[in-house]
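Just below is one structure, and these are the notes that go with it.
The values are calculated or read from the model by the stated rules, or taken from the named source; none is laboratory data. Small disclaimer: the values here were computed from a predicted structure and weren't measured. Glycine also receives a Cβ, built like all others from the backbone with ideal geometry; neighbour counts cover every protein chain displayed.
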Amino acid sequence: MSKTKKINPNSGEEHKSSTGLRPVRLNEINQVHIWLLQAIDESPFYNEEFKQFEKSRLSKSYLLQLFNHNPAHIMLMLDNEQPCGFMVSGPELGTIWLYWSYLLPTHRKGLLAMSAMRAFISHWNNGNFHKIATYTKDGNRPAEMIMKRVGYRHICTLEKHIFGEDYHLYELPLNKVSEGYDKGISSSRLSRLKLKIRHALGLS
């Protein structure tokens, strides 16, 4: 089994050798799911109806499907080689959707979030996708500042878009050169069975 290579951002002074971003391992998905629920519950930008929907949608089973499709859809942020946050994304017909990005409160001083976002962009600028897309809500200034600094554009504001609330759509263009398109995430019974077997055996 090949070793997982850590992905490092090309960010000059904002990068330290002991920080970076890497795909999750199978035995780390449970911790990411715990952090994901924490991120959703603690967010001041979403109403309770959305939070309940999001926790149901991004279940541990769905994270396993993302992992089965490509472990890089669940990235761990690293500080001094220790996981301290995550980024969850998914493919949709030529677009990478960044669903959630979360850094533990104890690691939010400094430039780790910026470095992780740059590493995320560098990884997915691999010739297979047209763009990265993500939503934000009004008032989420930290997220907006990071996205603008790394090159995202505010495409539009979608009024009453999800549960009657407005959302901002941000996109960052990538360079797709490969032929064909992904078909999203497979949720076949066979792939779910394979994941259950791997999880039972403790394989990463």
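If you go through region 114-145 and keep only what is crowded, with 18+ Cβ neighbours inside 10 Å and closer than 21 Å to Pro44 by Cβ, you end up with Met117, Thr134, Thr136, Lys137, Ala143. Go through the residues of region 126-139 one by one and say whether even a single one is at pLDDT below 90 and assigned to a loop (DSSP other than H, G, I, E, B). Yes, region 126-139 contains a residue that is at pLDDT below 90 and assigned to a loop (DSSP other than H, G, I, E, B).
Answer yes if at least one residue in region 49-66 is of a type in the set (D, E, K, R), touching a Leu at 6+ places or on another chain (Cβ under 7 Å) and outside any helix (DSSP H, G or I), and no otherwise. Break it down stepwise before answering.
To start, the set of residues in region 49-66 that are of a type in the set (D, E, K, R) comprises 49, 51, 54-55, 57, 60.
This time we only want the ones that are touching a Leu at 6+ places or on another chain (Cβ under 7 Å), so: 55.
This time we only want the ones that are outside any helix (DSSP H, G or I), so: none.
No, that holds for no residue.
Among the residues of region 68-114, write down those that are under 17 Å from Leu37 (Cβ atoms), within 9 Å of the chain's Cα centre (by Cα) and not hydrophobic (A, V, I, L, M, F, W, C). Of everything in region 68-114, those that are under 17 Å from Leu37 (Cβ atoms), within 9 Å of the chain's Cα centre (by Cα) and not hydrophobic (A, V, I, L, M, F, W, C) turn out to be Tyr99, Ser101, Tyr102. Of everything in region 140-156 that's in a helix (DSSP H, G or I) and not basic (Lys, Arg), which residue is farthest from Leu172 (Cα to Cα)? So, considering only residues that are in a helix (DSSP H, G or I) and not basic (Lys, Arg), the one farthest from Leu172 (Cα to Cα) is Pro142. When Gln38 is tested against (1) modelled with pLDDT of 90 or more; (2) within 22 Å of Gly110 (Cβ to Cβ); (3) surrounded by 15 or more Cβ atoms within 10 Å (Cβ to Cβ), just one condition goes unmet, and that condition is (3). The residue of region 153-187 that is nearest to Gly90 (Cα to Cα), among those that are free of Cβ contacts under 8 Å to residues at least 60 places away in the same chain and of a type in the set (Lys, Arg), is Arg153.
Counting only residues that are at pLDDT below 95, aliphatic (A, V, I, L, M) and either assigned to a helix (DSSP H, G or I) or surrounded by fewer than 21 Cβ atoms within 10 Å (Cβ to Cβ) (or both), region 67-101 holds 1 of them.
So which residues in region 102-123 are free of Cβ contacts under 8 Å to residues at least 12 places away in the same chain and part of a helix (DSSP H, G or I)? Spell out the reasoning first.
From region 102-123, those free of Cβ contacts under 8 Å to residues at least 12 places away in the same chain are 105, 108-110; that's our starting set.
Across region 102-123, the qualifying residue is only Pro105.
Scanning region 7-35 for residues that are touching a strand residue (DSSP E or B) at 6+ places or on another chain (Cβ under 8 Å), assigned to a loop (DSSP other than H, G, I, E, B) and surrounded by 15 or more Cβ atoms within 10 Å (Cβ to Cβ), we see that the one that is modelled with the lowest pLDDT is Pro9.
Those residues that are among the basic types (Lys, Arg) and within 13 Å of the chain's Cα centre (by Cα), I need them from region 20-67; list them, please.
Filtering region 20-67 for residues among the basic types (Lys, Arg) gives 22, 25, 51, 55, 57, 60.
Across region 20-67, the qualifying residue is only Arg22.
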